[in-house]
Amino acid sequence: MTTSEPERTQVAIVGAGPAGLLLARLLEAAGISSVVLEARTRDYVERRLRAGVLEQGTVNCLREAGVGDRMDREGLVHTGLELRFEGEGHRIPLAELTNGPGVVVYGQQEVVKDLIAARSDSGLPLHFEVEDVALHDLDSDSPRVTYAQDGEHRELRCDFVAGCDGFHGVSRASVPERSRQIYAREYPFAWLGILASVAPSTEELIYAYHEHGFALHSMRSPTVSRFYLQCEPGADLADWPDERIWEELNLRLSGSDGLSIHSGPVIEKGITPMRSFVLEPMQHGRLFLAGDAAHIVPPTGAKGMNLAAADVQVLAAALGDFYAHADEAGLTGYSDKALRRVWRAEHFSWWMTSMLHRFPDHDGFADRLQLSQLRYVCSSRPAATVLAENYVGLEVT
Ligand code: RFL
Ligand code: PHB
């Protein structure tokens with residue numbers, strides 16, 4: 001393999017998910033150079049089906065970054081959501097309870113497509129299909145990232161490395177064990193998710209608690225629906241033919257109001273493990289971790305992508321202060337500031353997950369506690385407001 005001349009940039013960004021791409025865009029606006037390195041192909045990254053709910057803070061950030069036009073045209077504004085239990089739906093009026101606009105349902109891969117298109121229009125470096133990414137000299141003022149591309153060894157010299165490479169990336173592993181703490185929980189269930197080309201059977205998202213387990217009805221457009229079912233952690237897709245999925249969705253989501261789920265061709269199917277995970281601090285020397293590289297939440301609170309966007313807003317502002325005013329306070333405080341929001345989201349996501357899923361040790365006592373909690377959230381305005389303000393996204397101080 002040949003070795004090319006080292007490349008130089010201010011911030012090396014590892015990973016082109018929402019965290020890495022949005023950081024690159026925010027740095028571009030601040031006049032800070034960056035190179036983004038991504039292990040997968042552009043096509044793979046643009047098709048990877050994941051989150052769907054954007055908090056207002058994320059929506060505003062995408063707009064201000066000049067990548068909100070298609071989201072504003074195609075995103076679905078939701079002013080409420082439904083909690084369903086004992087076969088009855090209960091609406092939580094998110095917008096009314098928070099005096100705000102609610103949330104926007106717009107697929108993560110659409111956000112990613114918009115950010116990649118903007119990066120490519122600006123003609124700035126974003127390298128796909130890089131291999132063997134390794135981080136070096138993170139304790140010095142001039143860290144390096146080495147990688148391989150197109151049969152060549154390459155080296156990227158920089159001032160800072162942003163580790164935005166998700167839960168399975170290399171950045172987190174570059175933080176020495178002695179310098180970090182990990183806080184984690186595995187949940188004893190997983191989510192089976194499908195995307196189907198069928199009109200949604202509801203206008204707003206439905207989160208359902210049912211004796212067979214949790215179910216969620218979400219959507220992507222007037223003709224595409226997204227559903228999730230709680231399943232065994234080691235579930236095999238082969239045991240979940242489409243008919244079984246539709247049957248189970250109908251069972252868990254239907255009720256006395258006559259709601260029934262329209263079925264249609266399943267475009268995609270996958271199983272997602274459920275875990276909570278936080279690494280502290282989110283920094284080591286000149287390496288700053290953001291998004292899933294530093295933390296995971298179970299998807300019940302719809303928080304993962306929003307946290308990734310919040311992290312990089314804090315990081316971009318801190319890097320802006322460093323380059324514009326030689327002010328390091330933002331970088332020094334990055335981890336503490338980001339972690340305050342992370343832990344709020346960790347708690348909310350754990351709470352939603354605990355309230356809505358069936359646990360293996362489920363008994364009559366647990367059932368009555370869960371139902372009582374659900375009834376309380378749906379009947380007390382202050383309790384509903386707790387759910388609503390966390391769901392649409394809090395100002396965390
Ligand atoms: P990503 O999206 O995983 O991107 C990381 C990128 O890094 C690349 N990479 C590498 N690149 C170079 N070198 C390496 N060694 C590399 N290793 C990895 C990867 O290929 C990838 O492109 O992390 P990021 O940017 O931090 O974004 C986080 C979000 O993707 C994630 O939190 C959300 O999808 C979570 N999530 C949800 N979040 C929400 O805000 N709202 C939701 O409604 C929501 N629903 C969900 C979700 C996640 C789900 N799954 C599948 C886990 C629903 C589901 C089912
Ligand atoms: C989704 O539409 O994919 C989605 C919505 C809400 C969640 C999780 C995922 O809590």
Residue match in region 303-324 (condition: closer than 29 Å to residue 361 by Cβ and modelled with pLDDT of 95 or more): yes
Filtered residues of region 205-261 (kept if under 15 Å from residue 271 (Cβ atoms) and within 11 Å of ligand 2 (Cβ to nearest atom)): 214, 216, 226, 227, 228
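Pull up region 268-298, narrow it to residues that are more than 15 Å from the chain's Cα centre (by Cα) and within 13 Å of ligand 1 (Cβ to nearest atom), then point me to the one that is nearest to residue 235 (Cα to Cα). Can you show your working first?
Step one: of region 268-298, the residues more than 15 Å from the chain's Cα centre (by Cα) are 268-271, 279-288.
Applying the additional criterion that residues be within 13 Å of ligand 1 (Cβ to nearest atom) yields 268-271, 279, 282, 288.
Values: 268: 16, 269: 12, 270: 10, 271: 8, 279: 28, 282: 33, 288: 35 Å.
Selected residue: 271.
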Residue satisfying condition, being part of a helix (DSSP H, G or I), aliphatic (A, V, I, L, M) and open to solvent by 10 Å² or more (accessible area, probe 1.4 Å), within set 314, 342: 314
Where a residue in region 284-304 is under 30 Å from residue 214 (Cα atoms) and hydroxyl-bearing (Ser, Thr, Tyr) and its partner, wherever it lies, is open to solvent by less than 10 Å² (accessible area, probe 1.4 Å) and within 16 Å of ligand 2 (Cβ to nearest atom), with Cβ under 7 Å and at least six apart: 300/349; 300/352; 300/353; 300/356
Conditions (1) farther than 24 Å from residue 162 by Cβ; (2) part of a loop (DSSP other than H, G, I, E, B): number failed by residue 327: (1)
Meets criteria (open to solvent by 40 Å² or more (accessible area, probe 1.4 Å) and aromatic (Phe, Trp, Tyr)) for residue 106: no
Among residues of region 155-173, those that are surrounded by fewer than 20 Cβ atoms within 10 Å (Cβ to Cβ) and not in a loop (DSSP other than H, G, I, E, B), counted: 3
When residues of region 377-394 are limited to those that are part of a loop (DSSP other than H, G, I, E, B) and touching a residue at least 12 places away in the same chain (Cβ under 8 Å), the one farthest from the chain's Cα centre (by Cα): 394
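Residues in region 265-273: is at least one under 25 Å from residue 75 (Cβ atoms) and touching a Cys at 6+ places or on another chain (Cβ under 9 Å)?
Initial filter on region 265-273 (under 25 Å from residue 75 (Cβ atoms)): 265-270, 272.
Applying the additional criterion that residues be touching a Cys at 6+ places or on another chain (Cβ under 9 Å) yields none.
No, every residue in region 265-273 fails to be under 25 Å from residue 75 (Cβ atoms) and touching a Cys at 6+ places or on another chain (Cβ under 9 Å).
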Of all residues making up region 212-224, the number that are away from ligand 1 (no atom under 14 Å from the Cβ) and either over 14 Å from residue 252 (Cβ atoms) or touching a helix residue (DSSP H, G or I) at 6+ places or on another chain (Cβ under 6 Å) (or both): 5
Qualifying residues in region 291-340 (those that are within 16 Å of ligand 2 (Cβ to nearest atom) and of a type in the set (S, T, N, Q)) - the one nearest to residue 34 (Cα to Cα): 306
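The values are calculated or read from the model by the stated rules, or taken from the named source; none is laboratory data. The shown structure was predicted, so the numbers you read here are calculated from the model rather than taken from an experiment. As a convention, Cβ positions derive from the backbone with ideal geometry for all residues, glycine included, and neighbour counts pool all protein chains shown. What goes into the accessible areas is simple: the full protein's heavy atoms, side chains included, and nothing from ligands, DNA or RNA. Shrake-Rupley method; radii C 1.70, N 1.55, O 1.52, S 1.80 Å.
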